[in-house]
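Working notes, beginning with the structure itself.
The values are calculated or read from the model by the stated rules, or taken from the named source; none is laboratory data. Only a predicted model underlies this, so the values are computations on that prediction, with no experimental measurement involved. Glycine also receives a Cβ, built like all others from the backbone with ideal geometry; neighbour counts cover every protein chain displayed.
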Amino acid sequence: MVCSDLSLDSASFLLKNVLGKSNSTLYSIALLVSGQSSTITIIYAGQFIMQGFLDLKMRKWLRNLITRYYDTTRSYWQFNR
């Protein structure tokens, strides 16, 4: 296998064969954590845009709920087409 043929699926397979099953599991946890990190970054960006740029004044819990709802439903529809 050459590096140009490497994808997310084949990387997990390669790690499992070379380093063992536990490192393949560690790789999957790292992918999950990086996805969560990206999601949180986008949620905070949306909250700052609503608060600062759009000058929408609302309670903090409501602003959090709206931005998280939007991001969650967008992700849901993207993966369930």
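Quickly run through the stretch 18-71 and pick out the residues that are of a type in the set (Phe, Trp, Tyr) and under 19 Å from the mean Cα position of the chain (by Cα). Matches in the stretch 18-71: Tyr27, Tyr44, Phe48, Tyr69, Tyr70.
Determine which member of the set Asp55, Asp71 is more than 27 Å from Asp9 (Cβ to Cβ), acidic (Asp, Glu) and at pLDDT below 80. Talk me through it step by step, then tell me what you get.
Details: Asp71 fails: more than 27 Å from Asp9 (Cβ to Cβ).
From the options Asp55, Asp71, the qualifying one is Asp55.
Pairs meeting the criteria (first residue in the stretch 30-53 and on the phi > 0 side of the Ramachandran plot and surrounded by 11 or more Cβ atoms within 10 Å (Cβ to Cβ), second residue modelled with pLDDT under 80 and assigned to a helix (DSSP H, G or I), beta carbons under 9 Å, at least 6 apart or on different chains) are lacking. Taken as a whole, the structure places Arg74 among residues that are part of a helix (DSSP H, G or I) and basic (Lys, Arg).
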